[in-house]
Amino acid sequence: VSTSPSSATSFDPTRTWVIDGGPGIPSLPSGPPPTLVIAADIGYRHARDLGLPVDVVVGDFDSLDFDALRKTDPGLVLERHAQDKDASDLALALKFAWTAGATGVDILTGGGGRLDHLLVGSMLIANDDNINRRIITHCGASRSVALKPGKPFDIEVQTGSWLTLLALGSDTRVSTEGLRWDLGPADEIPPFSSLGLSNEVVQTPTISVQSGVVLVVVTSRHE
């Protein structure tokens, strides 16, 4: 069910942020402000706490009063889904972003709460719906992206940061430059292993995926 004063295509999706609905309040990333803010359910409250103007709320509204929100903030686009659904609020918020014309999304999450939600939220960016999109997840001092062969690693990274590579399947091979312990094209990262945990950035890194899908997590040590 959707109530909307305008269609999804009327937004400016140039810089789209999705505010996750976890219990923790996210931190604001550096850079220019968003042109479109989509809240995943209770992410609406997080966005308001951060001073962000919310354009869209997507979810099952199990943590928000749908009717009250419709009255108090009539300019919002509200996309309501049944609680018995096959996708998380975050997944549905990403789907709305693509419908609105976004070519990339920054997800802001504060972490915390249920482990299953954290795991699914982390891996959503690597599924078939999202792996070909540019998505950066921001959580505290960490950022994560999902890479596959041919998809560039193009986020700015400070020297001294930790960089972790997590293989999300078998036969994952990654070559790197600029890390304390670099990998070559023939090096395989076993799926879900700790082999790629807490490498260190010593100069501007390059990451090339030869096969498989890898989750890259960068954590600044200067924040």
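The values are calculated or read from the model by the stated rules, or taken from the named source; none is laboratory data. Quick caveat, the model's predicted, so the values are computed rather than measured. Every residue, glycine as well, gets a Cβ built from its backbone with ideal geometry; the counts of neighbours run over all protein chains shown.
So P33 ticks every box in (1) surrounded by fewer than 21 Cβ atoms within 10 Å (Cβ to Cβ); (2) farther than 21 Å from G104 by Cβ but one. Which box is left unticked?
Result: P33 fails condition (2) only.
Kindly list the number of the only condition in (1) modelled with pLDDT of 95 or more; (2) touching a strand residue (DSSP E or B) at 6+ places or on another chain (Cβ under 8 Å) that fails for E188.
Evaluating E188 over (1) modelled with pLDDT of 95 or more; (2) touching a strand residue (DSSP E or B) at 6+ places or on another chain (Cβ under 8 Å) leaves (1) as the failure.
Going by what's in this entry, would L92 be described as part of a helix (DSSP H, G or I) and either touching a helix residue (DSSP H, G or I) at 6+ places or on another chain (Cβ under 7 Å) or closer than 16 Å to I38 by Cβ (or both)?
Taking the combined requirement at face value, the residue satisfies it.
It is to be established whether one or more residues within region 84-101 are closer than 22 Å to I207 by Cα and touching a Ser or Thr at 6+ places or on another chain (Cβ under 6 Å).
No, the conditions are met nowhere in region 84-101.
Name the residues in region 186-212 that are of a type in the set (D, E, K, R) and under 22 Å from T159 (Cβ atoms), would you?
Across region 186-212, the qualifying residue is only E200.
Would you confirm, using the coordinates I've provided, whether R173 is of a type in the set (D, E, K, R) and closer than 26 Å to P13 by Cβ?
no
Going by the conditions given, is F66 aromatic (F, W, Y), assigned by TED's automatic domain parsing to the domain that holds V120, closer than 14 Å to V18 by Cβ and touching a residue at least 12 places away in the same chain (Cβ under 8 Å)?
Answer is no for this residue.
Looking only at region 132-155, which residues are more than 16 Å from the chain's Cα centre (by Cα) and either among the small types (G, A, S) or within 25 Å of P26 (Cα to Cα) (or both)?
If the condition is that a residue be more than 16 Å from the chain's Cα centre (by Cα) and either among the small types (G, A, S) or within 25 Å of P26 (Cα to Cα) (or both), then G150 is the only one that fits.
Considering every residue within region 13-30, establish whether at least one is within 24 Å of R143 (Cα to Cα) and basic (K, R).
For region 13-30, residues within 24 Å of R143 (Cα to Cα) and basic (K, R): present.
Scanning for something in contact with an Asp or Glu (Cβ under 7 Å, 6 or more places away or on another chain), more than 25 Å from V157 (Cα to Cα) and surrounded by fewer than 21 Cβ atoms within 10 Å (Cβ to Cβ), does region 37-60 turn up at least one residue?
Checked against the condition, which is being in contact with an Asp or Glu (Cβ under 7 Å, 6 or more places away or on another chain), more than 25 Å from V157 (Cα to Cα) and surrounded by fewer than 21 Cβ atoms within 10 Å (Cβ to Cβ), region 37-60 yields at least one hit.
Determine whether region 8-19 contains at least one residue that is surrounded by 15 or more Cβ atoms within 10 Å (Cβ to Cβ), aromatic (F, W, Y), in the same structural domain as D128 (by TED's automatic domain parsing) and at pLDDT below 95.
Within region 8-19 (the criterion being surrounded by 15 or more Cβ atoms within 10 Å (Cβ to Cβ), aromatic (F, W, Y), in the same structural domain as D128 (by TED's automatic domain parsing) and at pLDDT below 95), the answer is yes, since at least one residue qualifies.
Going through region 202-223 one residue at a time, which ones are among the hydrophobic types (A, V, I, L, M, F, W, C) and more than 22 Å from the chain's Cα centre (by Cα)?
Of everything in region 202-223, just one residue is among the hydrophobic types (A, V, I, L, M, F, W, C) and more than 22 Å from the chain's Cα centre (by Cα), namely V202.
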